[in-house]
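This report refers to the structure that appears directly beneath it.
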Amino acid sequence: MTQHRDIPLNLITGFLGVGKTTAIRHLLAQRPEGEHWAVLVNEFGEIGVDGGLLADTGVALEEIPGGCLCCVSAQMFTVGLNRLIRSQKPDRILIEPTGLGHPAQIIRTLTEPPYAGVLDLRATVTLMDARHLASPRHREHPTWQDQIALADVLLANKADLYSEDDRETLHAYVAAMPSPRPLVVETTQARIEREWLDRPRLERGGALFPEARAFLDAATESADPGHDHAHAHAHGHDHDHPAPATDEWVTIDTRGDGYIGRSWLMPEGQVVDHATLAGLVDGFTGDRLKGLVATDQGWHRINRVDGHGGLEPMAAPNTPLRPRIEAILPESDTAALDALAKAFEAAHTPNT
């Protein structure tokens, strides 16, 4: 990688369902003419959905499944990033970590050899939903804390859905943040300005924040059985499993940070009954449900977060794409996940 120097790079981070992929689409639409950008996408589940949402943007895309960016070795992360750098020679790289990914480890990886001098890490953009400030499950989650603590630009997305109490809580939260504070912007539809990417990284004395230091300590002190990050993020299967046959349903679970994700990859040409699917999506009460699905009323995107959102019509993919769905819930909700799985698999119509 010695022939590539000082490639601008940004992290676009944030918790589950806050709009990271939509923000990246906005940024890609603003890229200067003649510049070649690349995107590295990490998802908690094993079957990528977000990459499919970026497939029509015309940029180089690398997908990494299963939360690998926040693992100790991050081998798949470095392999994917190296491949982007060498094969694409991009003018800028955007990295979208999973909503359950710790940015502290990623930042350290990107600013140490072999990437020091190759990459120019610029502003970390964190998207948040200010309504989560009233949710102890979010505010007390160390990943949520890390993502906000390490932001250089903090986008309070979905501002059109905030109540006055939400907005007052956000303002009080920002006022209480330690100096130096990030640029804080309320936005809707994950709108973001390209010039924010080049804002300077905030100088935090090299110590990061207490939450981030605690995570990094846990990630490196593997001898401490109480802080075995590698086991905490164990996926329960081998990333190098052979590619599944295209005429089979494939189901893969991923666990970590108190959550369970289940990914379904459907056979090519699989069609799902629209009315049944809409009912299942509307009844989903977990944290995140997303997908790209062919129904008897055309292709639809599934986009549901914290009980809001549903099916959205979309153009049929330009190239063959296996329909896919990913659900993320607390690990305590495995019974609900199993019931959802049975209902999904019963909703399909026979292939023609």
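The values are calculated or read from the model by the stated rules, or taken from the named source; none is laboratory data. Quantities reported herein were computed from a predicted structural model and do not represent experimental measurements. In this analysis, Cβ positions are derived from the backbone assuming ideal geometry, glycine residues included, and neighbour counts consider all displayed protein chains. Note: areas computed on protein heavy atoms with side chains; ligands, DNA, RNA excluded. Shrake-Rupley method; radii C 1.70, N 1.55, O 1.52, S 1.80 Å.
To make sure I understand the rule: partners must be lysines, Cα under 16 Å from the Cα of residue 158, and not fewer than 8 residues away in the same chain. Which ones qualify?
Result set, ordered by chain and number: 20.
Please sort 83-90, 262-269, 273-280 by packing, taking for each peptide the average over its residues of neighbouring beta carbons within 10 angstrom, highest first. List each step's numbers first, then the result.
Working: 83-90: 15.8, 262-269: 20.0, 273-280: 17.2.
Per-residue mean Cβ counts within 10 Å order the peptides as 262-269, 273-280, 83-90.
Taking the Cα centre of the range 258-352 as the origin, how large is its charge dipole in debye, to the nearest 20, when only Lys and Arg (+1) and Asp and Glu (-1) carry charge on their Cβ atoms?
Working: 8 positive and 12 negative charges, 46 e Å.
About 220 debye.
Using the heavy atoms of the protein chains alone and a 1.4 angstrom probe, what is the accessible area of the range 135-192 per residue in square angstrom? Could you put the intermediate results ahead of the total?
Working: 2700 Å² over 58 residues.
Here the per-residue accessible area is 47 Å².
If packing is taken as the average number of other Cβ atoms within 10 Å across a peptide's residues, how do 104-111, 286-293 rank, most packed first?
Numbers: 104-111: 19.2, 286-293: 23.9.
My ranking of the peptides, most packed first, is 286-293, 104-111.
Can you order the peptides 317-329, 148-160, 22-34 by their average number of other Cβ atoms within 10 Å per residue, highest first?
Working: 317-329: 18.2, 148-160: 22.4, 22-34: 15.0.
Top of the packing list down: 148-160, 317-329, 22-34.
For residue 199, enumerate residues with amide H under 5 Å from its amide H, sequence gap 5+ or separate chain, H modeled in the peptide plane.
Under 5 Å from the amide H of residue 199: 123.
Which whole-Hz couplings ³J(HN,Hα) result when phi for each residue of the range 284-298 is put into the Karplus expression 6.51 cos²θ - 1.76 cosθ + 1.60, θ = phi - 60°, listed in order with x for Gly and Pro?
For the range 284-298, the Karplus-derived couplings read 6, 10, x, 6, 8, 9, 9, x, 10, 9, 8, 10, 6, 10, x Hz, x marking Gly and Pro.
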